[in-house]
Amino acid sequence: MRSHYCGQLNETQVDEEVTLCGWVHRRRDHGGVIFLDLRDRDGIAQVVVDPDTPDAFATADRARNEYVLRIRGRVRLRPEGTQNPNMPTGLIEVLAKQVEVLNTAATPPFQLDEHGKVGEEVRLKHRYIDLRRPEMIDKLRLRSRISHSVRAYLEGEGFLDIETPILTRATPEGARDYLVPSRTHPGHFFALPQSPQLFKQLLMVSGFDRYYQIAKCFRDEDLRADRQPEFTQIDLEASFVDENDIMAITERMIRQLFVDVLDVELPEFPRMPYAEAMQRYGSDKPDLRIPLELVDVDDLMKDVDFKVFSGPANADDGRVAALKVSGGAKLTRKEIDDYTRFVGIYGAKGLAWIKVNERAKGIEGLQSPIVKFMDGIVETLLDRVGAEDGDIIFFGADKARIVNEALGALRVKLGSDLELYTQAWAPLWVVDFPMFEADDAGRLSALHHPFTAPSCTPEQLKADPADALSRAYDMVLNGTELGGGSIRIHDQTMQRTVFEVLGIGAEEADEKFGFLLDALQYGAPPHGGLAFGLDRLVMLMTGAKTIREVIAFPKTQSAADLMTDAPGEVSPDQLKDLNIRLRQKAKVATDEE
């Protein structure tokens, strides 16, 4: 039906006859001449319809925004003074000879050239309209290029694209499973995979050596800007490798991807131990573009007459840390109060601060509600954080976990608010993660997942699990975890030991993971892998604010699909087939609720 896409036209086609198909992006009537901006996935072309072609003119005259048209005409240069150098097709236009309406369109719920004024709910409700916007088309086109580049690279490295099951069994991987009732096995359930983890390990046991998949994964968890109930992973696994092998393969992949898609050469990927990242940045995914660091001051605060500081400074699980912001003394009290409320989101009970107005005057040159408690340690404190006139120092004092989360988040917010970024892209590897983390009751859980290999023997792991390190590694870019992976356990004794430390007894382990434990008996090779979040990667590379902007049909933050009105109720007959009886009927939201 068409000879060219709208966005493909340029001055090299002048005087050619072309046929275009697309949607009316904008219609303008200028002194008896009608201008149609025709849009398709490749761009917009300006079409001119003269009264000299009465049939085409009459058709164009009744065309409205989002009508679907086919236009045949001749490409010509735009008249001098009407050219648009900011538009790929801005030097030419198409003089129409025939205009055919392929379909009419109701008035759209929002104008595609005024999307900034439209709420996200309206856009998601009418996603098929929203996806017509050039900005959305560009994001999804770039997503396609990213997938293509990744596939080409991995296949060039000898990885095989192998699909793994979607219907599997529930396994504890850190989030709730989406469960699928079985009609043929009453009372039993499948689970949608949180990742292909166990299957890709079994592929290594099977001898496939190198596997990859761009895989759909599902997690029934609370959502954030970078989370969705269903998401896409670039998943890979390889045999006869160690940490350095996997990191080298995937680092080359990301470097090549950025060159292919953005023409960007990423800088060096430094490696940073988890403990160092938490101490210096309060985060295991630090944004190294921001030149702010946390500085420990516990030792200085142990004897101050201020229990807010001295308490955590003397507690085994406490931390007192300082965050100096160069030039931050210009912050107003309102801004400081706003930051105080912000850290409260992360459990902080407050945000102490000191403004350094004139350091040479000692304590008299400082402005702060807490400075009266600092007599005797002021100079040491200011030296330790490298304070100068015009700086502000923020403090966190609480359990180490709360201080890290609060000051780590404050550091990122200050970097954004004060535009402190020193570079466009800052990648790194975070390594040497703890094997386990403990909750407030002291119960251990796997920091990554229970199939991650520890960097010690089974005997050492059982003797001191809390201090054991894992052979895990995360790739971080601009404060976002792009992907995480590890060397896996390939020995049955070690796998059973990890289960034991986690409180999973032999009987439960056999019931839930018997197929894996059995497989490890039959010559499992050393292996490891990594999974990248494709949605997050595209979000970063397009500059989008949320992953909903780079997924064709995303869910809302409440895991609902506004367009299809999912999840929805099912009929009693369907429930009967599945041997399910509802204990509670679905609630219908009302305006009064």
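The values are calculated or read from the model by the stated rules, or taken from the named source; none is laboratory data. No experiment lies behind these values; they were computed from the predicted model shown. For neighbour counting, all protein chains shown are included, and Cβ atoms are generated from backbone atoms with ideal geometry for every residue, glycine included.
Would you confirm, using the coordinates I've provided, whether A248 is within 24 Å of G158 (Cα to Cα), surrounded by fewer than 20 Cβ atoms within 10 Å (Cβ to Cβ) and not β-branched (V, I, T)?
yes
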Q | Selection from the stretch 445-485 of residues that are part of a strand (DSSP E or B), polar (S, T, N, Q) and free of Cβ contacts under 8 Å to residues at least 60 places away in the same chain | A | T452, S470
Q. If only one of A424, A438 is under 19 Å from the mean Cα position of the chain (by Cα), over 25 Å from N244 (Cα atoms) and surrounded by fewer than 18 Cβ atoms within 10 Å (Cβ to Cβ), which one is it?
A. A424
Q) Looking at this structure, is A524 assigned to a loop (DSSP other than H, G, I, E, B), under 30 Å from D467 (Cβ atoms) and at pLDDT 90 or above? A) yes
Q: Tally the residues that are part of a helix (DSSP H, G or I) and buried (at least 19 other Cβ atoms within 10 Å of the Cβ), restricting the search to the stretch 137-163.
A: 6
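Listed here are the residues, each with its yes/no results for (1) surrounded by 19 or more Cβ atoms within 10 Å (Cβ to Cβ); (2) out of contact with any Cys (no Cβ under 7 Å at 6 or more places or on another chain); (3) touching a residue at least 24 places away in the same chain (Cβ under 8 Å).
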| position | (1), (2), (3) |
| --- | --- |
| D287 | yes, yes, yes |
| I290 | yes, yes, yes |
| S310 | yes, yes, no |
| R333 | no, yes, no |
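Yes/no matrix, rows are residues, columns are (1) more than 29 Å from Q197 (Cβ to Cβ); (2) modelled with pLDDT under 95; (3) of a type outside the set (D, E, K, R):
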site: D391; (1), (2), (3): yes, no, no
site: A397; (1), (2), (3): yes, no, yes
site: R411; (1), (2), (3): yes, no, no
site: Q423; (1), (2), (3): yes, no, yes
site: V431; (1), (2), (3): no, no, yes
site: F451; (1), (2), (3): no, no, yes
site: E459; (1), (2), (3): no, no, no
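Could you check how many residues of the stretch 466-483 are touching a strand residue (DSSP E or B) at 6+ places or on another chain (Cβ under 6 Å) and farther than 11 Å from G528 by Cα? Break it down into steps so the answer makes sense when it comes.
The first filter runs over the stretch 466-483 and keeps only residues touching a strand residue (DSSP E or B) at 6+ places or on another chain (Cβ under 6 Å), leaving 468, 470-477, 481-483.
Adding the requirement that they be farther than 11 Å from G528 by Cα leaves 468, 470, 474-477, 481-483.
Summing the residues that are touching a strand residue (DSSP E or B) at 6+ places or on another chain (Cβ under 6 Å) and farther than 11 Å from G528 by Cα in the stretch 466-483 gives 9.
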Q.
For the stretch 164-186, give me the residue count where each residue is hydrophobic (A, V, I, L, M, F, W, C), within 25 Å of the chain's Cα centre (by Cα) and not in a loop (DSSP other than H, G, I, E, B).
A. 1
Q.
Suppose we keep only residues that are in contact (Cβ under 8 Å) with a residue 24 or more places away in the chain and part of a loop (DSSP other than H, G, I, E, B) within the stretch 428-444. Which one would you say is nearest to E268 (Cα to Cα)?
A. D432
Q) Does V320 satisfy being crowded, with 19+ Cβ neighbours inside 10 Å, in contact (Cβ under 8 Å) with a residue 24 or more places away in the chain and touching a helix residue (DSSP H, G or I) at 6+ places or on another chain (Cβ under 9 Å)? A) yes
Q. Among I393, I354, I402, which is within 24 Å of S283 (Cα to Cα) and part of a helix (DSSP H, G or I)?
A. I402
Q.
Looking at the structure I just gave you, is D535 acidic (D, E), surrounded by 15 or more Cβ atoms within 10 Å (Cβ to Cβ) and within 26 Å of Q197 (Cβ to Cβ)?
A. yes
Q: Select the strands (runs of 3 or more DSSP E) contained entirely in the stretch 220-321, then report the ones holding at least 1 residues which are closer than 21 Å to F373 by Cα.
A: 294-296
**Q.** Residue within the stretch 182-194 that is over 16 Å from A531 (Cα atoms), in contact with a Ser or Thr (Cβ under 8 Å, 6 or more places away or on another chain) and touching a residue at least 60 places away in the same chain (Cβ under 8 Å) present
**A.** no
Q) Would you pick out the residues in the stretch 515-554 that are within 19 Å of I234 (Cβ to Cβ) and among the aromatic types (F, W, Y)? A) F532
